[in-house]
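Here's the structure we're looking at; comments come further down.
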Amino acid sequence: MSNLNVDGLKMKLAIAQINCVLGDLEGNSAKILHYMERAKSQGAQLLLTPELSLCGYPPEDLLLRDGFYKTCAEALSVLAGNIRELRWWWVIRMSKMVNATTRPRCCAMAK
């Protein structure tokens, strides 16, 4: 847990070092939600998770499977719904990815 103070704006941050399982979207979502609840109970306003926490790292061949992005987007929507119940977090998600070599564009879903 760390306090961030930028230009007089204060925010308490939490960092979750999560050991995500490759392809286990439901299990990884549960871990993320658990750490969010834990961080909130300790007064954090923002939780940072590792890159590709939802799908696991490295996704490699999963990126080439038909429907993988759709499945991830659906899992993220479920996670976002659960997070909304906590009433305090924003969820950052990729909006579109053309292929495995392009970088995703990100957008924020309101809390």
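The length gained on full extension between Ser77 and Leu62, counted as 0.36 nm times the residue separation minus their Cα-Cα distance, comes to 3.5 nm.
Taking trypsin sites (Lys or Arg not before Pro) across region 3-75, the ones in a DSSP loop with at most 13 further Cβ atoms lying within 10 angstrom of their Cβ are Arg65.
Show me the GluC sites (Glu not before Pro) within region 29-69 that DSSP assigns to loop and that have at most 16 other Cβ atoms within 10 Å of their Cβ.
Filter output for region 29-69: Glu51.
If the chain linking Lys40 and Leu13 were pulled fully straight, counting 0.36 nm for each residue of separation and taking away their Cα-Cα distance, it would gain 8.7 nm.
Each value in this text was obtained by applying a stated rule to the coordinates, not by laboratory testing. What you see is a predicted model; the values in this text were computed from it and never measured. Every residue, glycine as well, gets a Cβ built from its backbone with ideal geometry; the counts of neighbours run over all protein chains shown.
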